[in-house]
Amino acid sequence: MTFQITVQPSGHRFDCEAGETVLGAAIRAGVGLPYGCKNGACGSCKGKVVEGAVTHRAHQQRALSAEEAAAGYALFCCAITEADLVIEAREVAGSSEYPVRKMPSRVQKLEQVAPDVKVMSLQLPANEALAYRAGQYIEFMLKDGKRRAYSIANAPSSLDSPLTLHIRHMPGGLFTDQVFSTMKERDILRFEGPLGTFYLHEDSDKPIVLLASGTGFAPVKALVEHLIHLKSERPVSLYWGGRRPQDLYMHALCEQWAQILPRFSYVPVVSDPLPEDQWRGRTGFVHAAVMQDLPDLSGHQVYACGAPIMVEAAQRDFLARCGLPAEEFFADSFTSEADLALP
């Protein structure tokens, strides 16, 4: 059976097959509902069911509380319907501009840049290119049917360069154990992309705050490169946090940006430095450093990437204490299998 879903306030309509998630049907139809993890953990796809009803596949309560569900809210990445629906959701302009494709790729290079981080470079087939927006991600399709998502760390303006990904080792991780042990150059990997609705909103001239923790720096790097490509004159403040200095694995590149870009500032923040690190920079929570420097965010846009706990704290505190408009907070929450196991 096929059901019709109507999106308010845009009026866009699309078909949804029985057993298909609302988000999956929207992506297939080219309707730009916002989303991130696609597995019920980050809450980016949350919207309201105005008419009809949905049931949810497994998801995390912190992404959709029982109170929110009772009030008619749904996580569209996990929501299944058995009838026509009317939903209320903010649509993301341009999210369907580039088609989602399944492609083979060859591992061109694996470079260890930190004790637990490797940069993977992927070579696409000859005469093939992946059209995407800076900030989007791809999903590797593994042999057992599982998938693993990684943000593209270079801007689309470098189409003649390999795709680069920043991969942090998660001990026991199905994919990252392989990356850090048996994977070698010239191995073939299949992926699907581009995915995600996290990317630069170019229709604004507001100052930008880029907030990253750990390998959340990957899509942020792509955003900065895209801003450079656009010759943007918007002020940009990059705050990158890690537990120790070694987690800021491209610190020198960020310092270089700060030297050559006229309206760019870089603030590295380390939460748990050891005496041997000899760290003399900022310490504490990275989003707290933003609040100290920019107590009034009412005229800014914020792009936050990294651990879910950081993204959630930033969104909560920036809106409640710094006056950031809710519609100017854009996030990509990096959920791992460990995060998905949380309630």
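The values are calculated or read from the model by the stated rules, or taken from the named source; none is laboratory data. The structure presented is a predicted model; accordingly, all values stated were derived computationally and were not measured. Counting neighbours? That spans all protein chains shown, and the Cβs are built from the backbone with ideal geometry, glycine included.
Looking at the stretch 282-292, is at least one residue more than 22 Å from R244 (Cβ to Cβ) and not in a helix (DSSP H, G or I)? Within the stretch 282-292, none of the residues are more than 22 Å from R244 (Cβ to Cβ) and not in a helix (DSSP H, G or I). Scanning the stretch 199-254 for residues that are among the polar types (S, T, N, Q) and surrounded by 16 or more Cβ atoms within 10 Å (Cβ to Cβ), we see that the one that is modelled with the lowest pLDDT is S232. Looking at the stretch 70-92, which of its residues are closer than 15 Å to I27 by Cβ and crowded, with 22+ Cβ neighbours inside 10 Å? Across the stretch 70-92, the qualifying residues are L75, F76, C77, C78, A79, I87, A89. Within the stretch 297-328, being at pLDDT 95 or above, outside any helix (DSSP H, G or I) and among the hydrophobic types (A, V, I, L, M, F, W, C) holds for L297, V302, A304, C305, C322, L324. Every residue in the stretch 129-184 that is buried (at least 18 other Cβ atoms within 10 Å of the Cβ) and on the phi > 0 side of the Ramachandran plot, please. G135 - this is the single residue of the stretch 129-184 that is buried (at least 18 other Cβ atoms within 10 Å of the Cβ) and on the phi > 0 side of the Ramachandran plot. Would you check if H229 is in a helix (DSSP H, G or I) and not assigned by TED's automatic domain parsing to the domain that holds F76? For H229, the condition - in a helix (DSSP H, G or I) and not assigned by TED's automatic domain parsing to the domain that holds F76 - is met.
Could you please let me know if S237 is assigned to a strand (DSSP E or B) and farther than 21 Å from S333 by Cα?
Numbers: assigned to a strand (DSSP E or B): yes; farther than 21 Å from S333 by Cα: no.
It is false that S237 is assigned to a strand (DSSP E or B) and farther than 21 Å from S333 by Cα.
Screening S333 against (1) surrounded by fewer than 17 Cβ atoms within 10 Å (Cβ to Cβ); (2) of a type in the set (S, T, N, Q); (3) in contact with a Pro (Cβ under 9 Å, 6 or more places away or on another chain) leaves a single unmet condition, (1). Here K206, K221 are screened, and the one residue that is touching a Lys or Arg at 6+ places or on another chain (Cβ under 8 Å) and either in contact (Cβ under 8 Å) with a residue 40 or more places away in the chain or not assigned by TED's automatic domain parsing to the domain that holds A26 (or both) is K206. Here E67 clears all of (1) charged (D, E, K, R); (2) touching a residue at least 12 places away in the same chain (Cβ under 8 Å); (3) farther than 20 Å from T335 by Cβ; (4) surrounded by fewer than 15 Cβ atoms within 10 Å (Cβ to Cβ) except the condition numbered (2).
Per-residue answers, yes or no, for (1) outside the structural domain of K221 (by TED's automatic domain parsing); (2) touching a helix residue (DSSP H, G or I) at 6+ places or on another chain (Cβ under 7 Å); (3) within 28 Å of Q246 (Cα to Cα):
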| site | (1), (2), (3) |
| --- | --- |
| V117 | yes, yes, yes |
| S121 | yes, no, yes |
| L124 | yes, no, no |
| A129 | yes, no, no |
| H166 | yes, yes, yes |
| F191 | yes, no, no |
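Could you pull out the residue among I188, I260 that is free of Cβ contacts under 8 Å to residues at least 12 places away in the same chain, more than 30 Å from R90 (Cβ to Cβ) and either surrounded by fewer than 23 Cβ atoms within 10 Å (Cβ to Cβ) or within 18 Å of the chain's Cα centre (by Cα) (or both)? Before the answer, list the steps.
Details: I188 fails: free of Cβ contacts under 8 Å to residues at least 12 places away in the same chain.
Just one listed residue meets the conditions, I260.
Within the stretch 52-60, one or more residues are in contact (Cβ under 8 Å) with a residue 24 or more places away in the chain, buried (at least 20 other Cβ atoms within 10 Å of the Cβ), within 19 Å of the chain's Cα centre (by Cα) and part of a loop (DSSP other than H, G, I, E, B).
Cβ-Cβ distances below 6 Å connect the following pairs, each with a first residue in the stretch 10-35 that is modelled with pLDDT of 90 or more and surrounded by fewer than 17 Cβ atoms within 10 Å (Cβ to Cβ), a second residue that is not in a strand (DSSP E or B) and not charged (D, E, K, R), and a separation of six or more residues or different chains: A18/M1.
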